[in-house]
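For reference, the structure is listed below as structure tokens.
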Amino acid sequence: MNAIYSSRKRTNLIIRALCFGAAAFGLSFLGLILFTLFWNGLAGLGLSVFTQMTPPPGSNSGGLANALAGSLVITIIGVAIGAPLGMLAGTYLAEYGRHEKLTTVIRFINDILLSAPSIVIGLFVYVAIVLPMGGFSGFAGSLALAVIVIPVVVRTTEDMLLLVPNPLREAAAALGMPRSLVIKRVAYRAARAGLITGILLATARVAGETAPLLFTALNNQFWNLDMTGTVANLPVTINNFVQSPYEFWRQLAWTGALIITLSVLALNIVARVLGRERNTQ
Amino acid sequence: MNNRLPSDARETGAQMTDFAMQASTTREAPVADRAQALKQFALSDKTFYWLTRVSAVSVLLLLGGIIISLTVGAWPAIQHFGLSFLTTQRWAPQIEPAPILGGLGPIYGTLVSSIIAMLIAVPVGLGIAIFLTELCPAWLRRPFGIAIELLAGIPSIIYGMWGFFVLAPFLADHFQPLLIATFEGVPVLGAIFGGPPSYLSLFNASVVLAIMILPFITAISRDVFMTVPPVLKESAYGIGCTTWEVVRSVVIPYTRVGVIGGVMLALGRALGETMAVTFIIGNSFRIQDSIFAPGTTISAAIASEFAESGGLHQSALFFLGLLLFVLTFFVLACARIMLMRLERQKGT
């Protein structure tokens, strides 16, 4: 009896130690990544990063101004296209088609698109947009990002609208409000914080996406915000600079990576705070 | 559901609408315009309904569009190489006029790197999830959980960069020689862990991949573990079970389907991941015995060759992309079906 007892205790101790070890191992690796990123990124962070263009080969001065601006515009247009579409689709799933078979199918496909490889989406936009339009363009990049935004927003919109209590809708309908107004004036308003959270999370998701931009928006060494041509953007710039032989370029890549990470983390945190406010209300 | 009301209800609805409207927007409108206002409502109602419906269906069209465009892009290669594409290892796009292209190398690399990554990340991720749900002091639970979720949001190119500059040199200088020395002379393992250590290798890429999917696995399995009713665990603790016994005999059996679903979701991510892998995998299409030798994955091959490709070469890359999409589609579909089963179980 005693032997069994002590062996059970021993096994338990070993497993507990392994779990603690796993937590320490995982967290230290992830901490290490952030530490390296800050250490290397902060070294190159200065005003010139935001005011100067990306450097030509061999040059030792330059910044990321055009890439930052390009990334901002590409991302904003991508979200501006993807988010409304995703919200409308999510609205259908949660409000009109709640018990339809079609909804189950769409939800299933949407969940798969949610984690589809982003490089495949780049290939899709290449065939669907870049080839017919006759060249790489910032607009194609935005569309590729929109394709990634849509499933995220569909999912969050549906989830948030399903949380809105039905008596609210019934009360509005009893006042004689048409269905579309019930949705727009009551359900959207009740779920507003959640809907914004979803859009912010989607923005954070695409802000650092690199693979789909590699052969849609391509890159540009100069200041260009004309969406019909190639547009400089931060992720592809980092991708090109990391593998370059120039020390200065690698430094810029670290700085760019730090800027992307900080903005993605900031978006995530804002979204989280908004989402929590909703819950405590 | 039914968005039309029966006619008498619609009429009372109309009166009510009139009443509601008088109070707000159409105060100045004469009563004679009521019919017109109602017609306008009906129109905007219908418009909004169809707008949302078309948007919802466009999600399906998106999937169809992806499959069709990949197939269109891959068609010349499918016609030219056929099924032998899957069994040919040689990748020689420079040969004129007919390049020899086979996808075996990238397919092998994709599968092997994902498997190694899962072998590392699944035990560690499950360990962290158990730590978070059973062992962690309550005050640490929230911040720890949030940190994991934030890390899951970091773009993959950051992981790739860190792997390229920090992890790959470390592994090649310290970790790989250790494994090579340990397994030298052992029949099979000697070949797998053989050869000179290298900065660019399948193994290094797998480790970066593992670190990248670790937060995913942890977050999902934690959520899944949370679905176990506390009463079940408490009764097990109450009859004197140790933590491990509770996890093994209560938590894991209860959540098995969900855990497998979560792991497959992470596998789907690992299979299609591009930027974390491209920098350090070495982009070599040759399959070698040693995992310390350079290799390539489907996504890395597309990312590094697509911009300079044309003709049959580009089409072959599309073929690879199509294969990747089909592969991840099935893995993700299985994952979703399993997670859905867990949800249903929770509901009953």
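The values are calculated or read from the model by the stated rules, or taken from the named source; none is laboratory data. Keep in mind it's a predicted model, so treat the numbers as computed, not measured. No Cβ is skipped: glycine too gets one built from the backbone with ideal geometry, and neighbour counts run over all protein chains shown. Note: accessible area is taken over every heavy atom of the protein model, side chains too, but ligands, DNA and RNA are not part of it. Shrake-Rupley method; radii C 1.70, N 1.55, O 1.52, S 1.80 Å.
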Considering region A:47-62, residues that are assigned to a loop (DSSP other than H, G, I, E, B) and under 26 Å from the mean Cα position of the chain (by Cα), and then whichever is surrounded by the fewest Cβ atoms within 10 Å (Cβ to Cβ), we arrive at A:Met53
Contacts under 7 angstrom Cβ, first residue in region A:22-45 being within 7 Å of chain B (Cβ to nearest Cβ) and touching a residue at least 60 places away in the same chain (Cβ under 8 Å), partner hydroxyl-bearing (Ser, Thr, Tyr) and part of a helix (DSSP H, G or I), 6 or more apart
A:Leu37/A:Thr261
Sole exception among (1) among the hydroxyl-bearing types (Ser, Thr, Tyr); (2) open to solvent by less than 30 Å² (accessible area, probe 1.4 Å); (3) free of Cβ contacts under 8 Å to residues at least 40 places away in the same chain; (4) more than 9 Å from chain A (Cβ to nearest Cβ) for B:Ser235, by number:
(2)
So A:Ala65 ticks every box in (1) within 24 Å of the chain's Cα centre (by Cα); (2) modelled with pLDDT of 90 or more; (3) not charged (D, E, K, R) but one. Which box is left unticked?
(2)
Only residues that are open to solvent by less than 50 Å² (accessible area, probe 1.4 Å) and within 14 Å of chain A (Cβ to nearest Cβ): list them for region B:169-183, please.
B:Pro169, B:Leu171
Report, by residue number, each residue of region A:211-255 that is within 13 Å of B:Ala307 (Cβ to Cβ) and open to solvent by 30 Å² or more (accessible area, probe 1.4 Å).
A:Leu218, A:Asn219, A:Thr230, A:Asn240
Out of the residues in region B:86-107 that are at pLDDT 90 or above and crowded, with 19+ Cβ neighbours inside 10 Å, state the one that is nearest to the other protein chains (Cβ to nearest Cβ).
B:Pro106
Among the residues of region A:258-275, is there at least one that is away from chain B (no Cβ under 11 Å), touching a residue at least 12 places away in the same chain (Cβ under 8 Å) and of a type in the set (S, T, N, Q)?
no
B:Thr71 passes all but one of (1) touching a strand residue (DSSP E or B) at 6+ places or on another chain (Cβ under 8 Å); (2) assigned to a helix (DSSP H, G or I); which number fails?
(1)
Looking at region B:273-292, is at least one residue within 21 Å of the chain's Cα centre (by Cα) and open to solvent by 10 Å² or more (accessible area, probe 1.4 Å)?
yes
Every residue in region B:293-308 that is crowded, with 24+ Cβ neighbours inside 10 Å, within 30 Å of A:Gly135 (Cβ to Cβ), of a type outside the set (A, V, I, L, M) and more than 9 Å from chain A (Cβ to nearest Cβ), please.
B:Thr296, B:Thr297
Can you pull out every residue in region A:115-154 that is closer than 16 Å to B:Leu63 by Cα and either not aliphatic (A, V, I, L, M) or not in a helix (DSSP H, G or I) (or both)?
A:Ser115, A:Ala116, A:Pro117, A:Ser118, A:Gly122, A:Phe124, A:Tyr126, A:Pro151
Working carefully through the options A:Ala187, A:Ala211, A:Ala253, A:Ala204, find the one that is facing chain B (nearest Cβ under 8 Å) and in contact with a Leu (Cβ under 6 Å, 6 or more places away or on another chain).
A:Ala204
How many residues does region B:277-306 contain that are within 19 Å of A:Leu214 (Cβ to Cβ) and in contact with a Leu (Cβ under 7 Å, 6 or more places away or on another chain)?
11
Has region A:216-229 got any residue that is in a loop (DSSP other than H, G, I, E, B), modelled with pLDDT of 85 or more and assigned by TED's automatic domain parsing to the domain that holds A:Val164?
no
Out of B:Val124, B:Val166, B:Val186, I need the residue that is among the aliphatic types (A, V, I, L, M), facing chain A (nearest Cβ under 8 Å) and without any contact (Cβ under 8 Å) to a residue 60 or more places away in the chain. Which one?
B:Val166
For the condition facing chain B (nearest Cβ under 7 Å) and open to solvent by 10 Å² or more (accessible area, probe 1.4 Å), what is the one hit in A:Arg107, A:Arg98?
A:Arg98
